[in-house]
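Trainee: Here it is, the structure, as structure tokens.
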Amino acid sequence: MKTLIFLVVATCFCLFVSERHTMTYIETAATGWNESPELTEVIFVNGQEFVHYKSSLKKMVPKTEWIEKTVDPEYWERERQRNIHNEQAIKAHVVWLMERLNQTSGVHILQWMYGCEWNEDTEEVTGFEILGYDGRDYVAFDLKTETYIASAPQAVITKHNWDRDKTRILYKKYFLTQEFPPSVSLLQKTPSSPISCHATGFFPNVAEMFWRKDGEELHEGVHKGEILPNNDETFQMSVDLKLSSVKPEDWERHECVFQFSGVNKEIVTKLDKTKIKTNTGFHVGGVIRGLAVLLLAVCIGIYFKLRGNGNEQNIFLCFMNYIHVKYLLFLVLIF
């Protein structure tokens, strides 16, 4: 009997500060054994448990103080819903394996291992995936060859089916090796607007971002935004700094800092005028305003030229178009 540590990774990230770091999700599903929870998930970072889920509780339980204080309620609800979905998917997988192995009853345990390891010195990221059943390896993913390895004769058909699924292979390759540090930019709408330090594309959503001056965190003149989800399951956040609180000679003393909660490594962006991205190009409101003035002049000209000659309909349509342009200008200005 091979002993397995079984993990399921909903998402895998490796952003820590010692030489080698791992993040693993352990998910175990049991069927035919009422005394045990049907689904248990335990998440480890560098071997330390920091989140636990049991299907009997239907909730995520934080195991470290930093994650309990840092993440928002929406995060726990998303993770809870993910595990509820996993319950149904894994139960279906157990039924499928029982049919494949000609089993009709009894206690059976499905174990799935996903994880990643990051070498800080070489920047190499390696991933692994193992499916286990009743205490034995069943099938594993080889990241180097991008193929599955059957660990039991009954798994050969599964291996061939999964090897032919190229979409699945590409997903696993990306999923197990992708790092999720943020992309940080300095943004400004107008010369008098606050400077927005914007971080996007990071995971997980347990992060902090702030402005500091001479190494000290600033609170006055600073507005912190919420952490928001992106469409690719990463996150974004912004923190604004009012220019009125920054003297021209003090610009180089200010910097924006991003860091994951519980991690000492920082991503620092200096306040540099040359690095600020601003809105460029023509101003939509100005274009519409000019169009409105031009159209009004045309309508007035048409009015004096055509009035009294049975052209009231054309005059009316011209002024109606002018009103529509003015309304469009109003919408642009308020939004």
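Trainee: Determine, yes or no, whether I90 is modelled with pLDDT of 75 or more, surrounded by 14 or more Cβ atoms within 10 Å (Cβ to Cβ), under 21 Å from the mean Cα position of the chain (by Cα) and of a type in the set (A, V, I, L, M).
Mentor: no
Trainee: Tell me, yes or no, whether the stretch 213-232 has at least one residue that is surrounded by fewer than 14 Cβ atoms within 10 Å (Cβ to Cβ), modelled with pLDDT under 90 and closer than 16 Å to L186 by Cα.
Mentor: Looking for residues that are surrounded by fewer than 14 Cβ atoms within 10 Å (Cβ to Cβ), modelled with pLDDT under 90 and closer than 16 Å to L186 by Cα, one finds none in the stretch 213-232, hence no.
Trainee: Here is a further query. Can you name every residue in the stretch 113-137 that is at pLDDT 85 or above and crowded, with 20+ Cβ neighbours inside 10 Å?
Mentor: E129, I130, L131, G132, Y133, listed by residue number.
Trainee: Any idea how many residues of the stretch 115-166 are outside any loop (DSSP other than H, G, I, E, B), within 21 Å of N86 (Cα to Cα) and out of contact with any Lys or Arg (no Cβ under 9 Å at 6 or more places or on another chain)?
Mentor: 8
Trainee: If I ask for residues that are modelled with pLDDT of 65 or more, in contact with a strand residue (DSSP E or B) (Cβ under 7 Å, 6 or more places away or on another chain) and assigned to a loop (DSSP other than H, G, I, E, B), which ones from the stretch 27-43 would you list?
Mentor: Passing the criteria: G32, E38.
Trainee: Would it be correct to say that I267 is within 19 Å of the chain's Cα centre (by Cα), modelled with pLDDT of 90 or more and not assigned by TED's automatic domain parsing to the domain that holds F50?
Mentor: It is false that I267 is within 19 Å of the chain's Cα centre (by Cα), modelled with pLDDT of 90 or more and not assigned by TED's automatic domain parsing to the domain that holds F50.
Trainee: I'd like the full set of residues that are over 17 Å from A29 (Cβ atoms), assigned to a helix (DSSP H, G or I) and either of a type in the set (A, V, I, L, M) or touching a helix residue (DSSP H, G or I) at 6+ places or on another chain (Cβ under 8 Å) (or both), limited to the stretch 47-86.
Mentor: I67
Trainee: Among the numbered criteria (1) in contact with a helix residue (DSSP H, G or I) (Cβ under 9 Å, 6 or more places away or on another chain); (2) modelled with pLDDT under 50; (3) charged (D, E, K, R), which single criterion is violated by K2?
Mentor: Result: K2 fails condition (1) only.
Trainee: For the stretch 131-141, name all the residues that are of a type outside the set (G, A, S) and within 17 Å of W96 (Cα to Cα).
Mentor: Once the filter is applied, which keeps residues that are of a type outside the set (G, A, S) and within 17 Å of W96 (Cα to Cα), the stretch 131-141 yields L131, Y133, D134, R136, D137, Y138, V139.
Trainee: For E74, are the conditions met, namely being at pLDDT below 80, within 18 Å of the chain's Cα centre (by Cα), surrounded by fewer than 14 Cβ atoms within 10 Å (Cβ to Cβ) and not aliphatic (A, V, I, L, M)?
Mentor: So E74 fits the description; yes.
Trainee: Any residue in the stretch 153-162 that is modelled with pLDDT of 85 or more, within 24 Å of the chain's Cα centre (by Cα) and of a type in the set (A, V, I, L, M)?
Mentor: No: zero hits.
The values are calculated or read from the model by the stated rules, or taken from the named source; none is laboratory data. Just so we're clear, the structure is a prediction, and the values are computed from it rather than from any experiment. With ideal geometry, Cβ positions are generated from the backbone for all residues, glycine too; neighbour counts draw on all protein chains shown.
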